[in-house]
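The values are calculated or read from the model by the stated rules, or taken from the named source; none is laboratory data. Keep in mind it's a predicted model, so treat the numbers as computed, not measured. Heads up, the Cβs are rebuilt from the backbone with ideal geometry, glycines too, and the neighbour counts pull from every protein chain shown.
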Amino acid sequence: MAKGLIGKKIGMSQIFDEQGNIIPVTVLEVGPCAVSQVKSAATDGYDAIQLAYQDDKEKHLTKSEIKHLAKAGLTPKRVLKEFRNFGEEPAAGAELKAQDVFAVSDIVKVTGTSKGKGFQGVIKRYGHHGGPGAHGSRFHRHPGSMGSNTTPGRVFKGRKLPGRMGFDTKTVLNLKVVRIHEAENLVFVSGSVPGRANSIITIEKI
């Protein structure tokens, strides 16, 4: 059995525990996922389970992808992900749901793509303070001195400068499964998860 599944982020909410405390949670729609391939060290060099998630149209897939899924008896799927850690090996074509893998109080990690912010300056991107706000300073939101003279005559790599911000793969560790809604495959995890609403995520037990 895989220790992780593919899903999508629904959004954030809050629930109350038995003591009446508010717990901020992220609602995830996890699965159902189908096992599209079982890899082994003998044939592929490593052990892994490949899962397929979310139905898609044939025109959005290549012929090789359609044939690959058809071998496991699956219809076209939008997302394929591999999971290395698993227990009991499931058969190809088997369907896995949230309640099959996770339980309340499990500690999990969630991986997603953070929100894209576009091209941003150093104040928003790195939290620089900037210069004085008065009109005469002529230095408000610039990155400041580059710290380089004629020698070496270039900007050192790694300098914090303006650039593209966000849209990176991020993983949040040590989130706790607070509630599972089996009928709709919803998993409520404590805290925040990277990405916008309806973005694809993977959730794994630690």
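If you go through the stretch 174-185 one residue at a time, do you hit one that is of a type in the set (Lys, Arg), under 30 Å from Gly31 (Cβ atoms) and free of Cβ contacts under 8 Å to residues at least 60 places away in the same chain? Even if it seems obvious, please write down each step before you answer.
First, pick out the residues of the stretch 174-185 that are of a type in the set (Lys, Arg): 176, 179.
After this cut, where a residue has to be under 30 Å from Gly31 (Cβ atoms) as well, the list is 176, 179.
Subsequent filtering for residues that are free of Cβ contacts under 8 Å to residues at least 60 places away in the same chain retains none.
There is no residue in the stretch 174-185 that is of a type in the set (Lys, Arg), under 30 Å from Gly31 (Cβ atoms) and free of Cβ contacts under 8 Å to residues at least 60 places away in the same chain.
Do you know which residues across the stretch 18-33 are over 19 Å from the mean Cα position of the chain (by Cα) and either in contact (Cβ under 8 Å) with a residue 12 or more places away in the chain or surrounded by 12 or more Cβ atoms within 10 Å (Cβ to Cβ) (or both)? First the steps, then the outcome.
Pass one, the stretch 18-33, residues over 19 Å from the mean Cα position of the chain (by Cα): 18-23.
Listed by number, the list holds a single entry, Ile23.
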- [ ] Identify, by number, the condition in (1) among the hydrophobic types (A, V, I, L, M, F, W, C); (2) in a loop (DSSP other than H, G, I, E, B); (3) modelled with pLDDT under 90 that Leu161 doesn't meet.
- [x] (3)
Task: the stretch 1-17, residues that are surrounded by 23 or more Cβ atoms within 10 Å (Cβ to Cβ), modelled with pLDDT under 90 and hydrophobic (A, V, I, L, M, F, W, C) - done: Ala2
TODO: Name, by its number, the condition in (1) over 22 Å from Lys8 (Cα atoms); (2) exposed (fewer than 13 other Cβ atoms within 10 Å of the Cβ); (3) charged (D, E, K, R) that does not hold for Lys39.
DONE: (2)
Task: Cross-chain or 6+ apart pairs with Cβ under 9 Å, the stretch 135-154 first and under 19 Å from Gly121 (Cβ atoms), then among the aliphatic types (A, V, I, L, M) and part of a loop (DSSP other than H, G, I, E, B) - done: Pro143/Leu161; Met146/Val155; Met146/Leu161; Gly147/Val155
Task: Residues (at pLDDT 90 or above and either of a type in the set (D, E, K, R) or outside the structural domain of Asn174 (by TED's automatic domain parsing) (or both)) located in the stretch 97-111 - done: Asp106, Lys109
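Does the stretch 73-83 contain at least one residue that is part of a loop (DSSP other than H, G, I, E, B), surrounded by fewer than 17 Cβ atoms within 10 Å (Cβ to Cβ) and modelled with pLDDT under 85? Give the steps one after another, and end with the answer.
Step one: of the stretch 73-83, the residues part of a loop (DSSP other than H, G, I, E, B) are 73-76.
Narrowing the set further to residues that are surrounded by fewer than 17 Cβ atoms within 10 Å (Cβ to Cβ) leaves 73, 75.
Checking the rest, the ones that are also modelled with pLDDT under 85 come to none.
No - not one qualifying residue is present in the stretch 73-83.
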Open item on the list: Condition (residue is touching a residue at least 60 places away in the same chain (Cβ under 8 Å), over 30 Å from Arg159 (Cβ atoms) and either in contact with a strand residue (DSSP E or B) (Cβ under 6 Å, 6 or more places away or on another chain) or among the charged types (D, E, K, R) (or both)) applied to the stretch 39-46: is it met by at least one residue?
Closed with: no
Open item on the list: Need the failing condition index for Lys8 against (1) free of Cβ contacts under 8 Å to residues at least 12 places away in the same chain; (2) within 17 Å of Asn198 (Cα to Cα), just the number.
Closed with: (1)
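Kindly indicate whether any position in the stretch 53-65 is in the same structural domain as Ser190 (by TED's automatic domain parsing) and under 22 Å from Glu204 (Cβ atoms). Step through it out loud before you land on a result.
Looking only at the stretch 53-65, we keep the residues that are in the same structural domain as Ser190 (by TED's automatic domain parsing), and these are 53-65.
Cutting the leftovers down to under 22 Å from Glu204 (Cβ atoms) gives us 53-54.
Yes: one or more hits.
Can you tell me which residue within the stretch 115-131, out of those that are under 22 Å from Arg159 (Cα atoms) and either in a loop (DSSP other than H, G, I, E, B) or hydroxyl-bearing (Ser, Thr, Tyr) (or both), is modelled with the lowest pLDDT?
Pass one, the stretch 115-131, residues under 22 Å from Arg159 (Cα atoms): 116-131.
Next, only the ones that are either in a loop (DSSP other than H, G, I, E, B) or hydroxyl-bearing (Ser, Thr, Tyr) (or both) stay: 121, 126-131.
Numbers: Gly121: 95, Tyr126: 94, Gly127: 94, His128: 92, His129: 91, Gly130: 87, Gly131: 90.
This residue is Gly130.
For the stretch 104-144, give me each residue that is among the small types (Gly, Ala, Ser) and closer than 18 Å to Thr202 by Cβ. Let's see the steps before the verdict.
Within the stretch 104-144, the subset among the small types (Gly, Ala, Ser) is 105, 112, 114, 116, 118, 121, 127, 130-131, 133-134, 136-137, 144.
Matches in the stretch 104-144: Gly112, Ser114.
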